[in-house]
Amino acid sequence: MKLFGLKPQRKRKKPDKPQDLGQAAEVVGWEVSVRHNTDLVAQAFFNALEHHPAPQIAHSDQGSEYRNQIYLNLLKSFNVQPSMSEKARPWQNGHKESFYSGFKLELGHPECYSTLGELIEAIAQQIYYYNNQRIHTALKGPPTIFAQRIAFQKLINKVEFNNLLIREVAKTQSV
């Protein structure tokens, strides 16, 4: 069983600003399957698109499921640029590697769940906790709260810009 999390607007390099990290720190699409293949990652991608716009870049390792032409064509159909870490360079995909390491540790071994339904429920709860309650040090809060603050700040900036523009237009019309 494998889990795939899509991070929107993910850059190939380490983010320069906290807001880039905030977008990279939230799990927005996931899927459960007994096979780790292209269908799994494609379905996780579609699940992410149900509630989020397509990212500009989809970063991954060089697993065969990500190099598969069907998956690459899927990304292309949504104007998403694929980005892959170099072979044997897991640190280039550090955010995902760190997430998976902690996720697997906190979830426990999949065989400790008596039914697939229990496993899926545990995965959903863990992802909810990760996105909405766990404090990410770099963000100084959970990723969803951070993303809401960024969106609110962008809205305030847009309103302030529009107000400034209206005042400037009013000045030129009164002269």
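The values are calculated or read from the model by the stated rules, or taken from the named source; none is laboratory data. Since the model is a prediction, treat every value here as computed from it, not as a measurement. Don't worry about glycine lacking a Cβ; one is built from the backbone with ideal geometry, like all the others, and counts go over all protein chains shown.
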Determine whether TYR113 is touching a Leu at 6+ places or on another chain (Cβ under 8 Å) and modelled with pLDDT under 85.
no
Among the residues of the stretch 76-93, are any farther than 25 Å from PRO143 by Cα and small (Gly, Ala, Ser)?
yes
Complete set of residues in the stretch 118-155 that are among the basic types (Lys, Arg) and modelled with pLDDT of 80 or more
ARG134, ARG149, LYS154
Among what's in the stretch 60-85 and is of a type in the set (D, E, K, R) and without any contact (Cβ under 8 Å) to a residue 24 or more places away in the chain, pick the residue that is farthest from ASN47 (Cα to Cα).
ARG67
Listed residues LYS76, LYS96, LYS104; which is at pLDDT below 85 and of a type in the set (Lys, Arg)?
LYS96
For residues that are within 16 Å of the chain's Cα centre (by Cα) and part of a helix (DSSP H, G or I), scanning just the stretch 48-65, find the one that is surrounded by the most Cβ atoms within 10 Å (Cβ to Cβ).
ALA48
What pairs come up if the first residue lies in the stretch 113-140 and is touching a residue at least 40 places away in the same chain (Cβ under 8 Å) and farther than 19 Å from SER33 by Cβ, the second is surrounded by 12 or more Cβ atoms within 10 Å (Cβ to Cβ) and among the charged types (D, E, K, R), and their beta carbons are under 9 Å apart, counting only those six or more places apart or on different chains?
TYR130/GLU26; TYR130/GLU106; ASN131/GLU26
